[in-house]
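Visitor: Provided herewith is a single structure, encoded as C-alpha cells, for subsequent inquiry.
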Amino acid sequence: MSSWEKAGFTISTDKRYLDINVIHHFLSVESYWAKGISMEKVKKSIEKSSICFGMYEGNPAKGEAKQIGFVRAVTDFVRFAWIMDVFVLPEYRGRGLSKWMMETMVEESELKDVRKMMLCTYDAHGLYEQYGFQAIDDPEIFMERKI
C-alpha cells in the first residue's frame, strides 16, 4: 500500500480507509455510469478490484480525513489495466486534484509500468489525454458482452 501527500490532501491505496458511503452515494446518485448501483455491488467491486485509490482531505493514517475522490483498477500489473469509477466530489473540482490523482496513478503507483491501460468516458477526454490516453487505434478488434 502506498500514499502520497500534497497541500493538505492525501491519496492512499489502502482500502481500509475508503469511505464506502461516499463512494456509493457518488456512483449511485451523481455518476452517469453507475446510477442506481446497490451498496452491495459497490462493496464487491472494491473488494474484487486489484487496486483502489482514495483521495482525502487530510490524512486517514493520521486520524480525521474526508474522502473526496476515488479511482479503481482491475489489472495484472504488467500488461493490462482497466480504470474505472474515477471521480472527485464536485465541491473539490477546479483545484487540480483530478490531475494529481491521474498523475499519481500513471506515473508513481504500481500501475506506472503497465503496458496498456484503458478506460471509458463520455466527457473527460481532455483530462485523460494529458496522461497518455487516446482513442483506440483498432476499435474493430474489441468486443463486449452486455447483461
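The values are calculated or read from the model by the stated rules, or taken from the named source; none is laboratory data. Values in this document were obtained by computation on a predicted structure and should not be read as measured data. Glycine also receives a Cβ, built like all others from the backbone with ideal geometry; neighbour counts cover every protein chain displayed. Surface areas here come from the heavy atoms of the whole protein model, side chains and all, with no ligands, DNA or RNA. Shrake-Rupley method; radii C 1.70, N 1.55, O 1.52, S 1.80 Å.
Here is a yes/no grid of residues against (1) under 17 Å from I11 (Cα atoms); (2) in contact with a helix residue (DSSP H, G or I) (Cβ under 9 Å, 6 or more places away or on another chain):
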position: Y56; (1), (2): yes, yes
position: A61; (1), (2): yes, yes
position: G69; (1), (2): yes, yes
position: D76; (1), (2): no, no
position: V86; (1), (2): yes, yes
position: E91; (1), (2): no, no
position: E103; (1), (2): yes, no
position: L111; (1), (2): yes, yes
position: D137; (1), (2): no, no
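Visitor: For the list (1) open to solvent by 100 Å² or more (accessible area, probe 1.4 Å); (2) free of Cβ contacts under 8 Å to residues at least 60 places away in the same chain, I need the number of the one condition that Y131 fails.
Guide: Tallying (1) open to solvent by 100 Å² or more (accessible area, probe 1.4 Å); (2) free of Cβ contacts under 8 Å to residues at least 60 places away in the same chain, Y131 fails exactly one: (1).
Visitor: Another one. Of the residues that sit in the range 45-68 and are small (G, A, S) and in a helix (DSSP H, G or I), which one is most open to solvent (accessible area, probe 1.4 Å)?
Guide: A61
Visitor: Anything in the range 1-23 that is surrounded by 17 or more Cβ atoms within 10 Å (Cβ to Cβ) and under 13 Å from R72 (Cα atoms)? List them, or say none.
Guide: If the condition is that a residue be surrounded by 17 or more Cβ atoms within 10 Å (Cβ to Cβ) and under 13 Å from R72 (Cα atoms), then I11, S12, T13, L18, I23 are the ones that fit.
Visitor: Scan the range 88-118 residue by residue and report those that are among the aromatic types (F, W, Y) and closer than 11 Å to F53 by Cβ.
Guide: W100
Visitor: Can you name every residue in the range 73-114 that is farther than 15 Å from Y131 by Cα, part of a loop (DSSP other than H, G, I, E, B) and either of a type in the set (S, T, N, Q) or touching a residue at least 60 places away in the same chain (Cβ under 8 Å) (or both)?
Guide: L89, E110
Visitor: Then there's this: Scanning for something modelled with pLDDT under 95 and among the acidic types (D, E), does the range 53-69 turn up at least one residue?
Guide: The answer is yes, given that some residue of the range 53-69 is modelled with pLDDT under 95 and among the acidic types (D, E).
Visitor: Please determine, by comparing only the residues of the range 104-123 that are surrounded by 15 or more Cβ atoms within 10 Å (Cβ to Cβ) and not polar (S, T, N, Q), which one is nearest to the chain's Cα centre (by Cα).
Guide: Quick first cut of the range 104-123, residues surrounded by 15 or more Cβ atoms within 10 Å (Cβ to Cβ) only: 104-106, 109-111, 114, 117, 119.
Remaining after also requiring not polar (S, T, N, Q): 105-106, 110-111, 114, 117, 119.
On the way: M105: 8, V106: 11, E110: 14, L111: 12, V114: 16, M117: 12, L119: 10 Å.
Here the residue is M105.
Visitor: Considering the range 24-40 alone, what residues qualify as being surrounded by fewer than 14 Cβ atoms within 10 Å (Cβ to Cβ) and farther than 10 Å from D85 by Cα?
Guide: V29, E30, Y32, K35, G36, S38, E40 - these are the residues of the range 24-40 that are surrounded by fewer than 14 Cβ atoms within 10 Å (Cβ to Cβ) and farther than 10 Å from D85 by Cα.
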